[in-house]
Structure formats: C-alpha cells, structure tokens
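The values are calculated or read from the model by the stated rules, or taken from the named source; none is laboratory data. Just so you know, these numbers come straight off a predicted model, no measurement behind them. Positions of Cβ are backbone-derived with ideal geometry, glycine not excepted, and every protein chain shown enters the neighbour counts. Areas reflect the complete protein model, heavy atoms only, side chains present, ligands, DNA and RNA absent. Shrake-Rupley method; radii C 1.70, N 1.55, O 1.52, S 1.80 Å.
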Amino acid sequence: RSASSCGSGAVAAMAPRREAAALRSAAFLPLLLLLLLPPASAGLSGYFGTKSRYEEVNPHLLRDPLSLGPAAAGSRLPAACAPLQLRALLRHGTRYPTAGQIRRLGQLHARLLRRPAAAACPAAAALAAWPMWYEESLDGRLAPQGRRDMEYLARRLAARFPALFAARRRLVLASSSKHRCLQSGAAFRHGLGPSLSLGSDEVEVEVNDALMRFFDHCAKFVALVEENEAAMCQVDAFKEGPEMRKVLEKVTSALCLPVEELNADLVQVAFLTCSYELAIKNVTSPWCSLFSEEDAKVLEYLNDLKQYWKRGYGYDINSRSSCILFQDIFQHLDKAVEESKSSKPISSPLIVQVGHAETLQPLLALMGFFKDDEPLKANNYARQEHRKFRSGRIVPYAANLVFVLYHCDQVKTSEEEYQVQMLLNEKLMSFPHSNETISTYADLKDYYKEILENCHFKEECELPKVNMTAVDEL
C-alpha cells in the first residue's frame with residue numbers, strides 16, 4: 001500500500017490489519033556468537049522508542065543513579081521563591097513484555113528450534129539456542145529494574161525539592177489500575193523512606209483510571225482510533241515501504257530465508273526483544289545481532305509513527321481526550337494559589353500519579369510540545385531525521401512530567417508572585433508561549449485559556465451521531 005493512499009478518505013476503507021500474517025514465518029533470526037557482539041547494545045539503544053530505558057535520556061544515571069545531573073543546576077529562580085506544590089505525572093518503570101508479545105516471541109523461537117538447516121544457516125541455529133525465559137504470566141508486570149527506576153526517581157526528586165518532601169508533608173499518591181503502575185507507586189513511596197512520615201510508612205495508592213487511563217473512557221477515541229484499523233494507515237504503509245523493505249531483505253538474507261517468509265511485524269518482535277533484554281537485564285541480547293544502527297532508526301520511526309497517529313498529533317481526539325487530566329492539574333494549582341493567598345497551609349503540596357506512556361504523550365501534545373512542522377507520514381522518513389517527535393526521548397520507561405508552583409517574594413507585580421516550572425524527565429522545559437523555563441502562573445493560564453475553558457471531556461469524547469468511521473471526525 002502506497003503512502004499516497006493514506007489520505008483522508010482511506011481511514012474508512014482500510015483493509016483489516018494483517019495480524020495473522022505476522023506469525024507465518026517458518027524460521028527466524030540469526031544469532032551471532034555473543035563474544036562477537038558489541039557491549040550493551042551499542043548503537044541501538046537510542047532507538048527503542050517507548051521501550052527505551054530511562055538512562056537513555058539521562059546518561060549520567062548509568063554512573064550514579066542518585067545523581068541530579070547537570071540539568072538540575074539552572075533553575076534560574078530567584079532566591080525569594082519557595083515551592084508550594086509539586087504535581088508529578090509518572091510513567092511506570094521498566095516492565096516485562098505483555099502476554100501477547102511473549103506469545104509471539106515464543107512462537108518465533110519455537111520455529112527456530114524446529115529448523116534443521118543448522119549447517120546451511122548456522123546463525124539461525126545459534127539464535128535458536130537462546131533460552132526463551134519469558135513466560136506469559138509476566139504479562140507487562142513491573143520488572144525489578146522498574147522498581148529501582150521509581151525508588152531512585154523518588155530520591156532524586158526529594159533531593160531536588162527538599163522543602164516539599166520534608167517530613168510530615170502530605171503525599172497524595174494515585175495510579176492507574178494496572179499492576180505495573182500500582183507497583184510503581186508503591187516503589188516510589190518506598191524510595192522516600194521513613195523520612196516522609198505521614199503517620200506510617202504506608203501510603204495508600206488510590207486507583208484513578210478516569211485520569212490515568214482517560215483514553216479508555218473516551219468513546220470517540222476508542223471507536224475512531226483505538227479500534228479503527230484504518231486510523232493506522234500511515235503505519236501500515238510504512239511497513240510496506242522501501243525503508244522497511246530494505247531491513248526485511250537484509251534480515252532474510254542473513255537467515256537464508258525467502259523474503260516473503262518475514263514481515264515488518266516479525267522484525268519488530270525481534271527488535272523489541274533486543275530492547276527488553278537491555279532494559280530489564282542490562283545485557284546485549286542475541287536478538288540485537290540482527291540490526292545495524294540504520295535499521296534501528298527505521299524501526300524507531302515505525303514505533304514513532306504509531307505513537308504519532310495513535311497518541312500524538314495524528315488526530316485531534318488523541319490529545320483532546322486528555323483535557324480532563326490537564327484541567328485537574330490546573331484545578332489543584334488554583335487551589336494551592338488560593339490557599340497561599342489566604343495564608344492557609346497547602347492541602348496538597350505533593351501529588352504523584354502513575355500512568356502510562358499513553359497518559360503522558362497525549363497531554364504533551366495537548367500542550368503543544370514536540371510538534372513538528374510536517375506531520376510524520378509513511379513517505380517522509382528521510383525528511384523526519386531530525387524530528388522533535390521521538391517517543392524514546394519523550395516517554396521512555398519511568399518518564400515523568402512535573403509541574404512545580406512557586407510563591408515568590410520581593411516581586412514587582414502581583415502577577416509575578418506565583419510562578420511555574422515544568423520538567424520532563426527531570427529537565428526544565430521551555431514554555432511554548434515564551435520560550436522561557438519559568439512562567440508566571442497568570443501567563444500560563446492565559447496561554448491555555450481555550451483548553452481550560454472549552455475542552456470538556458464528555459463533549460470531546462462523545463461519538464458523532466452519523467458517519468462514525470469518517471476520518472473527518474478525527
């Protein structure tokens with residue numbers, strides 16, 4: 001399918017996704033001897049998209065997981081500013097593959113075990129010797145590394161904002177209902193240790209899917225994007241395009257297989273296995289031996305295309321569905337400002353919520369971050385080499401978006417009394433309206449006035465009465 005056929009009318013007419021074809025390979029993937037592999041997935045680890053480890057965006061953590069790093073130095077806040085409230089939105093830590101991914105990998109591996117032609121293609125036979133240790137019961141659960149991700153993040157945030165994380169400050173902790181998120185919340189709390197004494201060392205993690213999984217509750221998104229195969233037209237077109245064809249031909253040649261026995265989905269299974277082994281075990285997987293850095297860039301773009309069209313700027317409903325979370329953030333900021341003005345204690349100085357990449361990505365799109373001048377499409381891979389929208393840089397495992405509200409003394413105007421900073425993955429972000437890393441709260445609210453006043457979740461997510469699959473509705 002050509003990229004040109006992915007126009008506005010194509011969404012209603014796309015054929016069903018070729019999921020069954022993803023498992024038709026009779027044999028798969030070479031294993032080069034582990035001794036010949038470069039250390040720690042060299043050259044590939046920067047291209048794993050949403051399956052990237054957090055250290056890819058903060059390399060200093062590989063040396064010292066508690067280091068605040070160089071980015072923590074330049075807050076540019078005057079000394080007369082004190083933090084009032086911190087709202088942290090976290091993606092869960094490093095997780096195991098889902099049951100579906102494990103099942104597909106197991107089927108591929110089983111075929112390798114049945115392949116007799118070891119002499120003719122020793123690389124494929126060697127890969128079959130890789131121990132398939134994943135079990136479906138792991139199903140996306142938090143890995144031990146994921147618990148460490150959260151514990152260390154908690155300790156770094158506490159070190160960076162000691163006044164907010166001081167003893168006897170109230171912590172509100174909420175999570176998606178997914179096990180990996182609940183465990184991440186518990187690990188974050190554990191990372192703070194007994195110093196944040198709130199009566200006991202245990203803080204109940206409130207389940208709040210309405211905010212952390214708003215996408216599940218948005219009928220328009222579910223019907224027109226999540227369950228509409230045609231909405232991923234650009235993704236499907238790229239799978240059949242020249243860049244993926246080149247990767248396929250290279251892999252099939254290494255495997256001594258006819259090219260029709262592999263497809264983009266099978267290659268992606270192998271690539272993601274490479275990413276999981278690095279993130280979970282910090283080892284270079286034999287599966288990595290299949291791919292060069294150029295291959296990894298192509299597979300990263302395939303991942304980013306899916307994120308763009310399903311969670312990012314591809315369709316308005318992707319981001320508009322997150323306005324329920326966006327407005328909740330500002331309601332709590334408003335409340336803190338009012339309490340401060342009334343000289344009352346801040347009732348919620350610390351709000352930490354654990355969700356998913358799918359929680360953070362739409363919210364960042366709603367706010368206008370990482371938007372490229374040209375949409376990501378199947379036919380503009382080369383032109384998007386320096387794109388802003390790279391999911392591995394935005395929402396790796398343990399990604400975090402933090403809003404910090406400050407009260408500032410010694411200011412010239414009342415508007416300057418309350419100021420805000422945003423951090424993504426512990427780095428200050430420049431606001432779209434000013435290109436500065438700090439904004440008055442009044443200016444920030446004014447910039448997002450339309451979303452705060454006119455983006456209503458119920459109305460945004462209501463299914464259109466007619467023409468339910470028309471792309472125009474997106």
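Details
- Residues located in the stretch 251-289, provided they are buried (at least 22 other Cβ atoms within 10 Å of the Cβ), farther than 19 Å from residue 238 by Cβ and aliphatic (A, V, I, L, M): 255, 278, 279
- The set of residues in the stretch 211-246 being closer than 19 Å to residue 178 by Cβ and among the hydrophobic types (A, V, I, L, M, F, W, C) consists of 211, 212, 214, 215, 218, 221, 222.
- Any hit, the stretch 322-342, residues being buried (at least 21 other Cβ atoms within 10 Å of the Cβ) and touching a Cys at 6+ places or on another chain (Cβ under 7 Å): yes
- Within the stretch 171-181, one or more residues are surrounded by 15 or more Cβ atoms within 10 Å (Cβ to Cβ) and over 18 Å from residue 359 (Cβ atoms).
- Residue ID - farthest from residue 406 (Cα to Cα), chosen from residues in the stretch 290-314 that are among the hydroxyl-bearing types (Ser, Thr, Tyr) and crowded, with 23+ Cβ neighbours inside 10 Å: 301
- Residues within the stretch 167-182 that are part of a loop (DSSP other than H, G, I, E, B) and either at pLDDT 95 or above or among the charged types (D, E, K, R) (or both), tallied: 6
- Among the residues making up the stretch 122-138, a single one is crowded, with 19+ Cβ neighbours inside 10 Å and either under 24 Å from the mean Cα position of the chain (by Cα) or among the polar types (S, T, N, Q) (or both): 134.
- Tally of residues being part of a helix (DSSP H, G or I) and out of contact with any His (no Cβ under 8 Å at 6 or more places or on another chain) across the stretch 69-114: 18
- For the stretch 343-378, a residue qualifies if it is aromatic (Phe, Trp, Tyr) and open to solvent by 50 Å² or more (accessible area, probe 1.4 Å), and exactly one does: 370.
- Some residue of the stretch 271-291 being modelled with pLDDT of 95 or more, more than 21 Å from the chain's Cα centre (by Cα) and either within 23 Å of residue 380 (Cα to Cα) or of a type in the set (D, E, K, R) (or both): no
- Those helices (runs of 4 or more DSSP H) lying entirely in the stretch 379-474 with at least 3 residues touching a residue at least 12 places away in the same chain (Cβ under 8 Å) and open to solvent by 50 Å² or more (accessible area, probe 1.4 Å): 441-447
- Selection within the stretch 209-226 - assigned to a helix (DSSP H, G or I), among the charged types (D, E, K, R) and in contact (Cβ under 8 Å) with a residue 12 or more places away in the chain: 209, 220, 226
- For residue 427, the test of being out of contact with any Asp or Glu (no Cβ under 7 Å at 6 or more places or on another chain) and of a type outside the set (S, T, N, Q) is passed.
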